[in-house]
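Working notes for the structure below.
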Amino acid sequence: MVEMNNRERKEEYPKLYIETYGCQMNIADSEVVVSVMQDKGYSVTEDIHEADVILVNTCSIRENAEQRVWGRLDVFKQIKKKKPSVKIGVIGCMAERLKEKLIEEEKMVDLVVGPDAYRELPLLLEDVESGQKAVNVILSKEETYADINPVRLDKNKISAFISIMRGCNNMCSYCIVPYVRGAERSRDPGSIMNEARDLFEKGYKEIVLIGQNVDSYHWKVENHEKSVTFAQLLESVAKISTDLRIRFSTSHPKDMSDDVLYVMAMYNNICNHIHLPAQSGSTRILEKMNRGYTREWYMDRIQAIKRILPDCAITTDLMTGFPGETEEDHQETLSLMREVNYDLAFMFKYSERPRTYAARHLKDDVKESDKTRRLTEIIDLQGELSAKSKKNDLGEVFEVLIEGVSKKSKDHFFGRNSQNKVVVFPRLNYKVGDYVEVEIIDCTSATLIGEVATKH
Ligand code: 5AD
Ligand code: SF4
């Protein structure tokens with residue numbers, strides 16, 4: 001009876017449909033948005049056709065990320081034609097970058113809200129209800145949404161992101177992030193710890209601490225007597241329970257300290273994986289990118305990882321075709337890849353972003369055909385390195401955290417090892433959320449295949 005009443009009442013709630021593009025930060029932000037909206041009586045729906053409000057959380061990192069969102073907006077417009085009462089909101093990085101264009105040219109868009117204004121969403125929707133368009137793209141120096149308890153949107157309830165900082169101060173010359181997400185600010189460690197403990201109590205087994213540059217996390221109290229660094233924060237979170245895995249992303253080569261590596265070495269539950277974007281193997285290009293390190297500095301950081309954490313997986317981001325990149329620069333990127341032996345890489349063609357230093361001062365002069373060929377060479381080489389990395393795992397035994405049933409076979413689970421590699425193995429009588437020791441017996445291009453060794 002009570003259940004029935006709840007359901008009946010739920011039917012009356014206005015329904016929010018939210019779609020998310022871009023990075024982990026955006027996924028975490030959508031969880032903040034849902035929390036803010038639920039507090040004001042909205043309920044989430046996964047069926048776009050029953051939505052009263054459609055929000056799309058957007059990414060501006062490359063031209064093609066924005067193209068994808070324009071395509072989705074066309075679909076939303078068709079929905080609004082059939083159901084004019086539905087409100088459409090563009091939020092996130094594209095909202096920040098393209099506010100005027102979205103409001104002026106996109107007649108169907110009712111609401112444009114930047115990454116630091118999500119608390120205002122319900123109020124802005126009230127303006128929309130009264131027939132106005134609503135915009136808030138003000139960036140903040142303080143907003144971290146520290147007091148907002150994100151509503152987790154993931155399905156398996158095993159792994160959750162915790163945003164530990166926002167914005168970025170690095171000003172890499174190609175990058176839009178500082179313009180759309182504002183200045184860097186760290187979140188109160190007390191609120192991070194509370195969120196992590198709460199997740200663990202709810203049964204989550206893995207926490208991913210996220211920020212644009214986690215190594216520059218630095219919390220200072222007002223009189224500057226006490227401060228917390230990323231290494232200290234990482235250690236505190238790791239101490240919550242040995243049954244809680246900790247991951248983090250993204251590290252920055254110019255700021256990654258040995259302190260963090262030593263903390264990782266001390267705690268088994270801090271996963272052996274570092275994502276350390278290199279972008280290029282050429283010091284000349286790194287300088288033009290304003291990355292703040294040379295190839296030699298980057299290799300020193302890699303050697304520190306390999307020395308202090310011999311079993312640590314290393315992944316990276318690489319960009320090809322940056323203005324002025326020559327064949328020699330490109331060869332240096334390939335040789336860096338071989339030298340490091342990356343386990344995995346995300347690889348992109350340079351995409352000029354308006355307002356950035358590179359867009360204003362450097363000509364996008366690498367021919368499209370060269371960008372394509374260089375990217376193919378990078379992808380092919382990474383294919384070889386990733387295959388080698390998996391072959392090296394044959395015969396090894398890893399602790400795997402089970403995340404769900406394998407898409408390809410309902411008799412198999414999938415999970416990840418500490419190195420963040422996906423492992424598939426027979427279900428037996430284990431359940432999602434268990435830790436299992438798995439021996440690797442085979443591999444495909446993307447997955448390790450194993451057999452259960454013993455229970456944790
Ligand atoms: N063009 C292409 N790739 C980019 N990235 C960031 N900005 C651009 C750009 N303008 C890539 C970098 C970064 C990753 C998140 O996206 O490799 O590490
Ligand atoms: Fe995209 Fe960067 Fe915004 Fe993330 S922060 S959504 S990668 S533009």
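The values are calculated or read from the model by the stated rules, or taken from the named source; none is laboratory data. Being a predicted model, the structure only gives us computed values, none of them experimental. Cβ coordinates were reconstructed from backbone atoms using ideal geometry, including for glycine residues, and neighbour counts include every protein chain displayed. These accessible areas exclude ligands, DNA and RNA; they are computed on the full protein's heavy atoms, side chains included. Shrake-Rupley method; radii C 1.70, N 1.55, O 1.52, S 1.80 Å.
What area, in nm² and to one decimal, does the C-alpha convex hull of the stretch 116-178 cast on average over all directions? Show your work: numbers first, answer last.
On the way: hull surface 27.3 nm².
Reported value for the Cα convex hull: 6.8 nm².
In the assembled protein chains, Tyr42 presents an accessible area of approximately 40 Å² (probe radius 1.4 Å). Please calculate the 1.4 Å probe accessible area of His361, with all protein chains present, and give it to the nearest 10 Å². Rounded to the nearest 10, that gives 110 Å². Sorting Asp258, Asp442, Asp39, Asp29 by solvent-accessible area of protein heavy atoms yields Asp39, Asp442, Asp258, Asp29, largest first, with a 1.4 Å probe. Sorting Leu428, Leu375 by accessible area puts them as Leu428, Leu375; the probe is 1.4 Å, largest comes first, and only protein heavy atoms count. When the C-alpha to C-alpha distance is required to be over 31 Å, the pairs from Lys202/Lys254; Lys82/Lys202; Lys205/Lys410; Lys99/Lys288; Lys81/Lys408 that qualify are Lys202/Lys254; Lys82/Lys202; Lys81/Lys408. Here the alpha carbons of the stretch 166-303 define both size measures, Rg and Dmax, at 16.0, 49 Å.
With a 1.4 Å probe and every protein chain left in place, work out the accessible area per residue of the stretch 331-432 in Å², rounded to a whole number.
Numbers: 5560 Å² over 102 residues.
Normalised by residue count, the accessible surface of the stretch 331-432 is 54 Å².
The distance between label points at Arg355 and Asp434 comes to 5.1 nm (points 7 Å beyond Cα on the Cα→Cβ vector). Loop-resident trypsin sites (Lys or Arg not before Pro) (DSSP state other than H, G, I, E or B) in the stretch 185-214 with no more than 15 further Cβ atoms inside 10 Å of their Cβ: Lys202.
Of Lys141/Lys371; Lys367/Lys388; Lys349/Lys388; Lys155/Lys226, which pairs sit farther than 29 Å apart, going by alpha carbon to alpha carbon? Pairs exceeding the cut-off: Lys141/Lys371; Lys367/Lys388; Lys155/Lys226. The antiparallel fraction among DSSP beta bridges confined to the stretch 313-456 stands at about 70%. In this calculation the C-beta distance from Lys202 to Arg284 is compared with R0 = 56 Å, giving a FRET efficiency of 0.70.
Rolling a 1.4 Å probe over the protein heavy atoms of the stretch 58-122, with every protein chain left in place, gives an accessible area that is 51 percent carbon and sulfur. Kirkwood radius, the chain, all distinct C-alpha pairs, inverse of mean reciprocal distance: 23.7 Å. The gain in end-to-end length when the Asp364 to Glu225 segment is fully stretched comes to 45.4 nm, 0.36 nm per residue minus the alpha carbon separation.
A 1.4 Å probe run over the stretch 30-159, with the rest of the protein chains in place, finds 46 Å² accessible per residue.
Restricting the chymotrypsin sites (Phe, Trp or Tyr not before Pro) of the stretch 88-196 to loop positions (DSSP other than H, G, I, E, B) with no more than 15 neighbouring Cβ atoms within 10 Å leaves nothing. Taking each DSSP H run with n ≥ 4 as -39500 (n - 2.57) and averaging over every residue of the chain yields -11000 deg cm²/dmol at 222 nm. Here the stretch 154-271 exposes an accessible surface that is 49 percent carbon and sulfur, computed with a 1.4 Å probe and the other protein chains kept in place. The apolar share of the surface of the stretch 397-452, taken as the fraction of accessible area on carbon and sulfur atoms (1.4 Å probe, ligands and nucleic acids excluded), comes to 51 percent. Solvent-accessible surface of the stretch 173-243, taken per residue with a 1.4 Å probe and all protein chains present: 42 Å².
By DSSP, the beta bridges lying fully in the chain are antiparallel in about 35 percent of cases. Largest first, the residues Glu368, Glu31 sort by 1.4 Å accessible area into Glu368, Glu31.
Taken over the alpha carbons of the stretch 2-136 as equal point scatterers, the Debye sum produces base-10 log I(q)/I(0) values at 0.09, 0.21 Å⁻¹ of -0.24, -1.34.
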